[in-house]
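Before any comments, here is the structure.
Computed from the coordinates by the stated procedures, all read-outs in this text should not be read as laboratory data. Source: prediction; values computed, not measured. Positions of Cβ are generated from backbone atoms using ideal geometry, with glycine treated the same way; all protein chains shown enter the neighbour counts.
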Amino acid sequence: VNDFMNHGGPGDEDELRRRLTEAVSGIRPGDGSLERLQKRVTARRRQRQVMVTGGAVAVAAVMVASAVLIGPGKIDRVRDSITPGGGGSQSGGKDKGGESSNQAADSRNWPSGHPGGSTGPVPAGTPTKAPGGQKPTPTVGATPTLSATPTKSPDTTVRACTVGDLAKTDSQSLVNKADGSVGYGFLEFANTSASACSVAGPPVVKVVDATSGADVGFTVGARSATDSPALASVATWGRVVVLKPNDTYRFQFAWTNKAASGSDVACAGPDSSDTSKTWALRYQAGATDSAAVAQVSLPAACKGSLYETDIYLPGEYTETFGT
Amino acid sequence: VAFDVVRLPHARAPYAAVQGAGVALPESTESTARAHTLTQTYQAHYGSLLRLAALLLDDIASCEDVVQEAFIRVHLARRRLRDPDKTLAYLRQTVVNLSRSTLRRRLLGLRLAPKPMPDAASAEEAAYDSLERDELIHALRGLQRRQREVIVLRYFSGLTEAEVADVLGVSLGSVKAYGSRGIEALRTVMGGRS
């Protein structure tokens, strides 16, 4: 009976295989096991969603409770400390209103001739609602340079979105001046993963050589009412957005060929040193990421400045590039 | 210079446009696709994994539990799978790991007695009875856990020694050693009985 027990016999292993297969050959899935499996999968998925949602709600409740206990004065100081540029860059730390914050931001020494500058289009992009009740906290500085690194960590209860979670769902890149020296655009992304994840603003963007990926030296700055008024007046800077599966978020950008440093002279025509290559706007999930979330071509003729808004949810702001 | 008036669209790109970009499908379409994938995977692998579990465990009720749990875990994590073509390999590994956990729990005394048979059809009872009476199965259950796993994966699932090493997370040499010692032990036990 036990052929495979014959030491060194030619059928040892084959016999063992046959015996094992034969022993369990009568075992079949029980009746309704597929239906049972489908129900269990659905139930487990719901259970996970409830856990994620419940966790987020619990943390939100803790944060609200903490805010109430700590008090508004301390909250302001905490917020100042997480503002890009540091608390010292605030307008005396007493800036409570969005308008005055914007005014402070707008007083920077941006080069003239920026997208929709003082002689440009009428400001547009009035917030239709204030997301999360957050107040604008722009950086105040002498140069348009900013650290395009998220200054607040993504919500710790929800994992941070990775490059693989995000997919570009919509975008636009426009040239808005006849001489091709100014342009506006936006990018929209969706969370394509099966679970919720969080994204932190401001968007990490840079202008790169589309071929080599090397930074071409555009100065990146935050949107301001005087320099890029056609961009939506997004009231936040460094916002963290939690995206459920399929949720989307956006940010807008504007560019000008006027160099941030040096003369105000726009490049009158194609600059042979700068236009021999195609440039692209590169958006990364993090400052040190090697992979880009998205890269779109930028029709700038030569180097200049780039402005961006914080991230926001579609529909939160009126998105009109003004006349 | 006047600017063009451009109003940015709020609407999401149409389904057909985003499908190729790897964007998630609409919920209803995605749930249908998920159910279809689960059914396909079930039809292709459920039976063989159930039989694998039957060789690693000792009662058919636990086998169903283990295989269903493996399907649930792999199905819910399928977006994170590095290689979706290796679904069977992931399922097999999960079945082996869950079987091991089930046996360990029993050893710890949490579930000493095998679970009673559910309202099973007579055919299943017959298959289970047949399994219980099988001399080789009895001998197999007497082996050390690793030896049993190597023999079942090698000779029932038809994996190579390298694949067995991969599933069990041990070296190739260990697989060879467990396999040869396991077969030797089977020979000894069954030789003694015959």
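Quick notes
- Placing a pseudo-label 7 Å from each Cα along the Cα-to-Cβ vector at A:Ala43 and B:Lys86 gives an inter-label distance of 3.2 nm.
- Put in order of Cβ neighbour count within 10 Å, fewest first, the listed residues B:His138, B:His75, B:His36 become B:His36, B:His138, B:His75.
- Applying 1/(1 + (r/R0)^6) with R0 = 56 Å to the Cβ-Cβ distance of B:His36 and B:Gln144 gives a FRET efficiency near 0.85.
- Cβ-Cβ FRET estimate between B:Arg105 and A:Val68, R0 fixed at 51 Å, reported to 0.05: 0.65
- A:Ser290-A:Ala61 FRET efficiency (beta carbon distance; Förster radius 35 Å; 0.05 resolution): 0.40
- Model label sites at A:Asp215 and B:Arg78, defined 7 Å from Cα along the beta-carbon direction, differ in position by 4.3 nm.
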